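Values quoted throughout were computed directly from the atomic coordinates according to the rules given, and no laboratory measurement underlies them. From a predicted model like this one, the values you see are computed outputs, not experimental measurements. Heads up, the Cβs are rebuilt from the backbone with ideal geometry, glycines too, and the neighbour counts pull from every protein chain shown.
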Amino acid sequence: MDVARNLDHPVEEMNLPVTVETRTGDTSAARRQRQRYSPPDILLTTPEQLSLLLAHPRSTQMFENLRTVVLDELHALYNSKRGDLLALGLARLQTLAPQHRRVGLSATVKDPEPLQRFLVPQPMRGGALSQLVIAKGGAKPQIEISASDSYVPWAGHLARHAMADVMAAIHTARTALVFVNTRSQAERTFQELWTINDANLPIALHHGSLAQEQRRKVEAAMAKGSLRAVVCTSTLDLGIDWGAVDKVICIGAPKGAARLVQRIGRANHRLDEPSAALLVPANRFEVLECNAARDAVLAGELDGERLKTGGLDVLAQHILGTACAGPFSAAALFEEVRTASPYAHLTPADFDAVVDFVATGGYALRSYDRYARLRKTEDGRLRLAHPRLAQEYRLNAGVIVEDPMVEIRLQSRGKPAGAGGRKLGELEEYFVEQLSVGDTFVFSGEVLRFEGLRETGAFVTRSRDPQAEIPSYNGGKFPLSTFLAQRVREMVSRPESWHVLPEPVQEWLKIQEWRSVIPKPGQLLVETFPRGNRHYLVCYPFEGRLAHQTLGMLLTRRLERGRFHPLGFIANEYALAVWAARDLSSSKDGGGVDMDALFDEDMLGDDLDSWLADSNLYKRTFRNCAIIAGLIQRRFPGKEKTGRQVTFSSDLIYDVLRQHEPDHVLLRATYQDAGTGLLDIARLGDMLARVKKRIVTRRLDRVSPLAVPALLEISREMVAGEADEAILRENEDALIRDAMRVD
Amino acid sequence: MRCVWIETGDLLITVNGETLLLDACGAAFSPAHSTLIFADLHFEKGSSYARGRQFLPPYDTTNTLLRMARAIARHNPSRVIALGDSFHDRDAGERLGPQTRQLLESLCRAAHFTWITGNHDPHPPIWLEGEVAETVRLGGLIFRHEPLAAFEPGEVAGHLHPCASVAKWGRNVRRRCFASDGLRLILPSFGAYTGGLDIGDPAIATLFAGPFHAYMLGNRRVYAIPRRVAV
């Protein structure tokens, strides 16, 4: 939308005979229709809309005169499922309009080659690169880190101790953006700032769960320059350019250097002036992370990305879309798809499996052949079996699968739940399901009381209680980048670099060095110690919460098999702690835990497979793939399915498919996703390989300083696979208690 | 209300004075009548979607039959009662693959089957072995597909696919369940692709005048959860 404005102005001022239009999910049907028949000179659109346009029978005529494709913010797209969709769309455009040229725009990336490949059609075995133009960098940013020499919290992500610093920074700025990592943090920070906002500065809140009108209002006020600060999440990372912003404040962990650069870039859009940023670490590890990130940004170093290969689920959607446009030759489509860089190494067997999946479900038991969605024409091409399928395709198209959401409706106190209610926004269904009537939580800057869940949404009232129980309804989505983790590990391993850190953090590391050990670069430290009547094992891979969670699941499984009776584990961005009823120390005389064996890479084989089978995260990954591939429909014309029904049935489908056809193409697509997605298995694999034979163990008589933050964090993960049973058992105990009560 | 666990993970309850064993697979067994009870098998639900060109894995009937076979082998009943909606639609019987049909026929030889009719299968396939009935009485129990709005002690029914949820530690666990107040019993659906209805839904909650229990299906055993705790 900003781009449209930036194009419209010069076009109008110069009175150019150029039409500029946008096409997004919000564009009216009439306008879309018109665009198909008389396209504007410049169309601003999304990968999703491009594939919808290509799936139309008129796509050939519409695109035959296409001259240029410009891909903005390509770095944010190329390595994602949206990127896969876009790459497939570009491959199609190449066939329809071979004369067109492409230009990609990107923020600085560590390795531009994948983007250069993305831009141009790939020959057999890949390798073609576009030209590369590197713009001269602007002035170096000024990055401060807020740190107190008197107090740095051990754990937590809210940085309450630093709110006065944040407020002071807002005072000195014309307009500030205050970035936080999660929505609950945004809510909390917004509240904290207002409690000390004695000058009544106009400070607003902006995040993805708020109702759209509310977000638009904030954006409009920001554009007018009437706000002094906006507390926001990554919803404002990209694409919104407000000239007035002259300070960016980042609360919490930066997670990655590129991400920090992106955020800092929101301030001051003039290349010749430095952008100003304040980093506010919320705990000791975040102090290390902020320092590492600042050093990296100033040195001009960035995180690399692990390249994913093109998703088979996205390919399935594209094949159906192609059929919607008209009959196609499978052989020709395969050649076309292979020119897209994410699919350059696609095998003919995988392609055929996906075509078969689209046509009949692709099952070994060929019982659906008579209902096929694709049928052979006389000349051997494939055509859509029924026009209704095109309609279904359009409703299900796209690769963004949102968590099922529930509307939050505010009603007046005293009314029964379900009566009336203004829409405040939306929350993830799984969060709402955990609430009981009477629970309070912060949303939209207010403390709300949960009154009940009805078909039309979750009903809430304003609470008088200023202290809400604040749940984290969405953990940080982005794990600590591999590159930044590496820099943090290095910083920890070099005591001579500690002097830049605040006093309490230096002291913390020094006591760690004295009481336990500071691991050298490349080593993995594993500490064991008793506490209470439990035995702990804590390790510090610094590989991000997702990889640690997967590691935790796998370690507890192994410990369970070794009869060490693990009771639970907690994972954060930096460490993993496992506790058990028995001592988890290693001992050379046998009997103890063999650490080298415990951390052996072979855990990624059978252990991983058997754990995955029951993992909720894996089932969610399957559901996303099933929706994208079109096995499960997002919605049917006329009958809207609620998110919950979709979730439930996808679990049933998953169970049956895994038992009866474990090699099915959709299960392969799920596994492919899990490597880089929710489970970060690939990263875990790299870590296990790296630390092989380099595990340093310390048996301590009590908790070490480095272990404290991990133990202070509350975790929701229990021993592998058994958590659900434990929840049932716990609830049942209440029954027995009730039965035994005498009153 | 009394309930007793026995070592196998089954739960023993009484319904209108009759003892019933609730199996974690979702079937109920009456030792006194040597009768095993399944509800809502929904054979060929998957293939019914295929006609609308949604291709769910075509293994749901096989999966359901294999689980039935395990339960039959375990309890070795002389009689099996299927509480209706055994076939997802009118043609479901004809869509069974040859191997699936053989599997079904072999089960029918292992025990005497009673097929209670349901709203999905008012006319089960004619080739089906066993008797077809709307209701069956055994001692203090009466078996039918859909529970009557009017209260009848000893009613054992299906149709509603009850599910219950419990929350703890910030997590929510939703499972199929039996629902009973000691006078009436609703069985969970047994078919592989059958979804569920929360026991808080009026269709289920209004069947019980007083407190009742959700007997939730765990991986290896049944958990008795008071209605107050479950949602």
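A compact table of results
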read-out: Positive-pole candidate from B:PRO124, B:CYS177, B:PHE143, dipole of the stretch B:88-231, charges at beta carbon; value: B:CYS177
read-out: Test item: A:650-662 mean partner chain Cβ contacts at 10 Å; value: 4
read-out: C-alpha long axis of helix B:60-75 to longest principal axis of chain B, angle in °; value: 60 degrees
read-out: Approximate spin-label separation B:SER78-A:ALA199, in nm, with each point projected 7 Å along Cα-to-Cβ; value: 9.0 nm
read-out: Diffusion constant of chain A at 37 °C, which comes from Stokes-Einstein with the Kirkwood Cα-pair radius and 0.692 mPa s, µm²/s; value: 116 µm²/s
read-out: Protection proxy ranking, peptides A:161-172, A:355-366, average beta carbon neighbours within 10 Å, highest first; value: A:355-366, A:161-172
read-out: DSSP bridge orientation in chain B - percent antiparallel, rounded to nearest 5; value: 65 percent
read-out: Folded to 0 to 90 degrees: helix B:98-110 orientation relative to chain B principal axis, Cα; value: 50 degrees
read-out: Number of partner chain Cβ atoms within 10 Å, mean per residue of B:57-65; value: 6
read-out: Computed label-point distance, nm, for sites A:LYS692 and A:GLU213 using a 7 Å Cα→Cβ extension; value: 6.1 nm
read-out: Point-charge dipole on Cβ atoms (K/R +1, D/E -1) for the stretch A:245-325, about Cα centre, debye to 20; value: 180 debye
read-out: Positive dipole terminus of chain A, leading residue within A:LEU525, A:PHE179, A:VAL280 (C-beta point charges); value: A:PHE179
read-out: Partners for A:LYS136 among aspartates and glutamates (Cα-Cα distance below 14 Å; same-chain residues under 8 apart left out); value: A:ASP272, A:GLU273
read-out: Net charge dipole size for the stretch A:529-625 [Lys, Arg +1 and Asp, Glu -1 on Cβ; Debye, nearest 20]; value: 540 debye
read-out: At most 16 other Cβ within 10 Å, DSSP loop - chymotrypsin sites (Phe, Trp or Tyr not before Pro), the stretch A:51-158; value: A:TYR151, A:TRP154
read-out: Relative contact order %, chain A, counting alpha carbon pairs below 8 Å whose residues are six or more apart; value: 12 percent
read-out: Förster-model FRET efficiency, 35 Å R0, A:SER329 and A:ASP651, C-beta, rounded to 0.05; value: 0.40
read-out: Per-pair calculated FRET efficiency, R0 = 45 Å: A:GLU13 and A:ASN616 via Cβ, rounded to 0.05; value: 0.25
read-out: Computed helical MRE - 222 nm, chain A, DSSP H runs ≥ 4 contributing -39500 (n - 2.57), nearest 500; value: -12000 deg cm²/dmol
read-out: Cα-centre dipole for chain A with unit charges at Cβ (Lys and Arg positive, Asp and Glu negative), debye to 20; value: 1280 debye
read-out: Estimated FRET transfer efficiency when R0 is 22 angstrom, pair A:ASP41-A:GLU113 (beta carbons, to 0.05); value: 0.10
read-out: Positive-end residue, the protein assembly as shown charge dipole about Cα centroid, Cβ charges, pick of B:THR114, B:ALA32, A:LEU480; value: A:LEU480
read-out: Virtual spin-label span in nm between A:GLU273 and A:TRP514, 7 Å along Cα→Cβ; value: 4.8 nm
read-out: In the stretch B:19-121, trypsin sites (Lys or Arg not before Pro) in a DSSP loop with at most 15 other beta-carbon atoms within 10 Å; value: B:ARG51, B:ARG90
